[in-house]
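Could you have a look at this structure, given as structure tokens, before my questions?
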Protein chains: 2
Amino acid sequence: MRGLALTAGLLLAGCASAPAEVATTPPPPAAAAPAEAGKPPVPLQYLYGSAEAAIAVRAVNARIAGYGAWRVKERPRDSVVLAPGATMDAPRFEPCGDKPFAAVFDADETLIWNIAPMRLFAEKGGAFDLAVWDQWEKTGAGKAKAMPGTVEMVNALRAAGITVIANTNRSAGNAKGSEDTLRAAGLGEFKHGETLFLMGDDAGGSSKDPRRATIASKYCVIILGGDQLGDFSQQFNVKDLPAAQRMALATGPAATALWDKGWFLFPNPVYGPWQTLGWDDISSTDSEWKPR
Amino acid sequence: MRGLALTAGLLLAGCASAPAEVATTPPPPAAAAPAEAGKPPVPLQYLYGSAEAAIAVRAVNARIAGYGAWRVKERPRDSVVLAPGATMDAPRFEPCGDKPFAAVFDADETLIWNIAPMRLFAEKGGAFDLAVWDQWEKTGAGKAKAMPGTVEMVNALRAAGITVIANTNRSAGNAKGSEDTLRAAGLGEFKHGETLFLMGDDAGGSSKDPRRATIASKYCVIILGGDQLGDFSQQFNVKDLPAAQRMALATGPAATALWDKGWFLFPNPVYGPWQTLGWDDISSTDSEWKPR
């Protein structure tokens, strides 16, 4: 792995073994240096500032609200939480029974934007600072803003009788700070252990699968929302999973049947598990080109 | 404006007055420096490499194909091209009459990904190089790849009787290179002046509005696709338009009625007109925060 700059991104993403790998590698060069002196880095300009990204985020939120209102009337038999051991190659889902409906969301860059700490990291050369992030979880309430259209979305889901639950890799030790943060962002009440699940709640570490199972034992989960594939299933974060295989799992027929039909993905080019990708993962020899 | 690094991005985006501003500013510091030595810059890792972005792009393409097949059966009265002078505040659209159907797309980072030149720019410190880009337009055929799901999308639209047209700010002088590029990407035939419209085709310069009017005089345009707001209307690119006003126009009720219902936006955090945004555009004083 490549040191601190990716550590927390990988922890937030739920990538297997991220903690064990932290101690063995030196810190990387500055990550995500600003595109221009005094300006935000390019991905922050796009996600946090552009009308283009706001349109995309609002559209995801609108799709979730519309889907939720429709789905509850269907009285579905299956949730959208994969059963333990099921994979995209042979998907099986937790059954709904007559459990009450729920929608389960990641928090960071899924319900709220964390612009203030991302700015501090950028201004110090780009590296993610776990100590600063820990402070942010404790004291950032009121400074983290709901994403465009998110307040309307959660309100619409609740009005349709769907319990809104957050499943986030924020730390269980900072539960009150995260409850306060979501409330101050206008997203209502989230109660640790009932509608807020955190890293440290169980032995799963950064994997969200065990917490999803806990939630699915009480609720018929009809919506999963996130910005990274670990927000949907830990199978996408298996250690040393080749990028091409991750791509195949995530874009194959079973996944395609779920995207926008129960699984909802928000754009996040600011950080993510894909920050390990190299040029060989992006372009192949048959697309090499040089000018004359 | 801030020199070469943004120039071509703004030209491709159709921003008013970009050419006149090139000569008056010094080159900026290196833009979009790699997040880590030897790795692609973060926005390229995300867009060109991540499963997350591939999912989003495939989903846009699937929505376009589904919408097109549905819309042609509606025999709509209005196109989705704004009538001359109409704005999002008071939208009016070019009427369809009994014109044949068309879907009009930008090309770069809307139909195809231009990974090879973006890699060269990144490896040289980030600045967009107009001379290299010009060579790419001329000789890049076979190296520019169709985006995920795009071949299927254009095939589906054509099968539904919808003419697929490209309206791009690639240069009219390189028409053959761009025709070859789209064909080699598996996207079929585009013929300059009929189904391929380029910068230099008329007196509008980098504005796509006059070309859209030309297309709309012959076709009932039921789909517009792009990665930047200028791909939909030049009103979003008015010189010195404040960021907050651009946001309001793009996310207000009239635009919201169009996004995913005729206007389809692809994610592109690699370049765009939003690269002029500063920290003040992204965060306000009420979201400032510092750790203890």
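The values are calculated or read from the model by the stated rules, or taken from the named source; none is laboratory data. Because the structure is a prediction, the values reported are computed rather than measured. In this analysis, Cβ positions are derived from the backbone assuming ideal geometry, glycine residues included, and neighbour counts consider all displayed protein chains. In case anyone asks, the SASA skips ligands and DNA or RNA and just uses the protein heavy atoms, side chains included. Shrake-Rupley method; radii C 1.70, N 1.55, O 1.52, S 1.80 Å.
Could you check how much of the accessible area of region A:179-292 is carbon and sulfur, as a whole percent, using a 1.4 Å probe? Please report the intermediate quantities before stating the final value.
Details: 2380 of 4400 Å².
So the carbon and sulfur contribution to the accessible surface is 54 percent.
Take the alpha carbon gyration tensor of region A:240-284, find the square roots of its eigenvalues, order them as a ≥ b ≥ c, and report rounded if a/c is under 1.5; if not, report prolate when a/b exceeds b/c, else oblate.
Numbers: a/c = 2.56, a/b = 1.45, b/c = 1.77.
In terms of gyration-tensor shape, oblate.
So how do A:159-166, B:231-238 stack up, highest first, on mean other-Cβ count within 10 Å? Let's see the in-between values first.
Numbers: A:159-166: 19.0, B:231-238: 22.9.
So the order, starting with the most tightly packed, is B:231-238, A:159-166.
Still on this structure, please answer the following. Please compute the net charge surrounding B:LEU229, taking Lys and Arg as +1 and Asp and Glu as -1 over other residues with Cβ under 9 Å from its Cβ. Walk me through the numbers on the way to the answer.
Working: positive: B:ARG246; negative: A:GLU52, B:ASP231.
Once positives and negatives cancel, what remains is -1.
Select from A:THR168, A:GLY126, A:ALA243 the residue farthest towards the positive end of the dipole of region A:42-268; place +1 on Cβ of Lys and Arg, -1 on Cβ of Asp and Glu, and compute about the Cα centre.
Result: A:THR168.
Using a 1.4 angstrom probe with every protein chain in place, what is the largest-first accessible-area order of B:ARG211, A:ARG63, A:ARG246, A:ARG183?
Details: B:ARG211 5, A:ARG63 55, A:ARG246 30, A:ARG183 95 Å².
Sorted descending by solvent-accessible area, the residues read A:ARG183, A:ARG63, A:ARG246, B:ARG211.
In debye, nearest 20: dipole of region B:42-268 around its Cα centre with unit charges on the Cβ of K, R (+) and D, E (-)? Don't skip to the answer; put the middle values down first.
Values: 25 positive and 25 negative charges, 89 e Å.
It works out to roughly 420 debye.
Compare the peptides B:42-49, B:262-269 by average per-residue count of other Cβ atoms within 10 angstrom and give them in order, highest first. The partial results should precede the final answer.
Details: B:42-49: 27.5, B:262-269: 24.0.
By packing density, highest mean first, the sequence is B:42-49, B:262-269.
Further, regarding this structure: If the chain between B:ASP201 and B:LEU120 were fully stretched, how many nm would it gain, using 0.36 nm times the residue separation less the Cα-Cα distance? Please report the intermediate quantities before stating the final value.
Working: separation 81, 0.36 × 81 = 29.16 nm, distance 2.86 nm.
Here the answer is 26.3 nm.
Ignoring ligands, DNA and RNA, how do A:GLU52, B:GLU179 rank by accessible area with a 1.4 Å probe, largest first?
Working: A:GLU52 0, B:GLU179 40 Å².
These residues rank, largest area first, as B:GLU179, A:GLU52.
Run the 1.4 Å probe and let me know the accessible area of B:MET118, rounded to the nearest 10 Å².
Estimated to the nearest 10 Å², B:MET118 gives 20 Å².
Still on this structure: Where does helix A:130-139 land angle-wise versus the long Cα axis of chain A, in degrees 0 to 90, nearest 10?
Roughly 40 degrees, rounded to the nearest 10.
With every protein chain in place, what's the accessible area of A:LEU277 (1.4 Å probe, Å², nearest 10)?
For A:LEU277, solvent-accessible area is about 20 Å².
Provide a list, ordered by number, of residues in region B:122-148 showing at least 20 Å² less accessible area with every protein chain present than when their chain is taken on its own, using a 1.4 Å probe.
Going by heavy-atom accessible area, the residues of region B:122-148 that drop by at least 20 Å² are B:VAL132, B:GLN135, B:TRP136, B:THR139, B:LYS143, B:LYS145.
By how many degrees, between 0 and 90 and to the nearest 10, does the Cα long axis of helix B:51-74 differ from the longest principal axis of chain B?
Its long axis makes an angle of about 20 degrees.
For the protein assembly as shown, give the share of DSSP beta bridges that are antiparallel, in percent and rounded to the nearest 5; count only bridges with both residues there.
Rounded to the nearest five, the antiparallel share is 20 percent.
With a 1.4 Å probe, what is the total accessible area buried between chains A and B, in Å² rounded to the nearest 100?
Values: alone 14010 and 14050 Å², together 21580 Å².
Heavy-atom accessible area buried at this interface is about 6500 Å².
Answer rounded, prolate or oblate for the protein assembly as shown, using the Cα gyration tensor with square roots of eigenvalues a ≥ b ≥ c: rounded when a/c is under 1.5, else prolate when a/b is larger than b/c, else oblate.
Working: a/c = 1.63, a/b = 1.32, b/c = 1.23.
Prolate shape, in that a/c is at least 1.5 and a/b is the bigger ratio.
Still on this structure: Suppose only helical runs count, i.e. DSSP H with n ≥ 4. What mean residue ellipticity at 222 nm does that imply for chain A under -39500 (n - 2.57) per run, divided by all residues and rounded to the nearest 500 deg cm²/dmol? Numbers along the way, then the final one.
On the way: 11 runs with 101 residues, N = 292.
Mean residue ellipticity, 222 nm, calculated: -10000 deg cm²/dmol.
To continue, here is another question. What is the helix-to-structure angle for B:150-159, meaning the angle in degrees between its Cα long axis and the longest Cα principal axis of chain B, kept from 0 to 90 and rounded to the nearest 10?
10
At each listed q (0.15, 0.19, 0.22 Å⁻¹), what is the log10 of I(q)/I(0) that the Debye formula gives for region A:210-292 modelled as equal alpha-carbon point scatterers?
Scattering profile of region A:210-292, log10 relative to I(0): -0.68, -0.99, -1.21.
Assuming a ≥ b ≥ c are the square roots of the Cα gyration tensor eigenvalues, decide whether region B:145-213 counts as rounded (a/c under 1.5), prolate (otherwise, with a/b larger than b/c) or oblate. Display every interim value, and only then the final one.
Numbers: a/c = 2.24, a/b = 1.57, b/c = 1.43.
Because a/c hits 1.5 or more and a/b exceeds b/c, region B:145-213 counts as prolate.
So, one more: My understanding is that a pair violates if its Cα-Cα distance is over 18 Å; which of A:LYS290/B:LYS124; A:LYS99/A:LYS261; A:LYS138/A:LYS191; B:LYS39/B:LYS124 do that in this structure? All intermediate terms of the calculation are to be shown ahead of the outcome.
Numbers: A:LYS290/B:LYS124 13 Å; A:LYS99/A:LYS261 20 Å; A:LYS138/A:LYS191 16 Å; B:LYS39/B:LYS124 13 Å.
Pairs exceeding 18 Å: A:LYS99/A:LYS261.
Among B:GLY186, B:SER79, B:TYR48, which residue has its Cα furthest toward the positive end of the charge dipole of the protein assembly as shown, with +1 on Lys/Arg Cβ and -1 on Asp/Glu Cβ?
The residue sitting farthest along the positive end of the dipole is B:SER79.
Next question. Which sequence of A:GLU189, B:GLU109 reflects their accessible areas, 1.4 Å probe, from the largest down?
On the way: A:GLU189 115, B:GLU109 0 Å².
Ranked list, largest accessible area first: A:GLU189, B:GLU109.
With a Förster radius of 25 Å, plug the Cβ-Cβ distance of A:ALA213 and A:GLN245 into 1/(1 + (r/R0)^6) and report the FRET value to the nearest 0.05.
Working: r = 24 Å, r/R0 = 0.96.
Calculated transfer efficiency: 0.55.
Which percentage, to the nearest 5, of the DSSP beta bridges contained in region B:42-268 is antiparallel?
On the way: 5 of 23 bridges.
Of the beta bridges lying entirely in region B:42-268, close to 20 percent run antiparallel.
Taking a label point 7 Å out from Cα toward Cβ, give me the nm distances from A:ASP286 to the same spot in the other copies, shortest first, one decimal.
Output for A:ASP286: 5.4 nm, nearest copy listed first.
Percent relative contact order of chain A, based on C-alpha pairs within less than 8 angstrom and at least six residues apart? Walk me through the intermediate numbers first.
Values: 476 pairs, mean separation 79.6, N = 292.
This gives 27 percent for chain A.
Could you tell me which residue out of B:THR139, B:PHE264, B:LEU198 lies farthest along the dipole of the protein assembly as shown toward its positive end? Charges go on the beta carbon: Lys and Arg +1, Asp and Glu -1, centred on the Cα centre.
About the Cα centre, the residue reaching furthest to the positive side is B:PHE264.
Rolling a 1.4 Å sphere over the protein heavy atoms, what is the accessible area per residue of the protein assembly as shown, to the nearest Å²?
Value returned for the protein assembly as shown: 37 Å² of accessible area per residue.
So, counting K/R as plus one and D/E as minus one, what does the shell of residues with Cβ under 15 Å around B:GLY186 add up to?
Numbers: positive: B:LYS143, B:LYS145, B:ARG158, B:ARG183; negative: A:ASP286, B:GLU152, B:GLU179, B:ASP180, B:GLU189.
Summing Lys/Arg as +1 and Asp/Glu as -1 gives -1.
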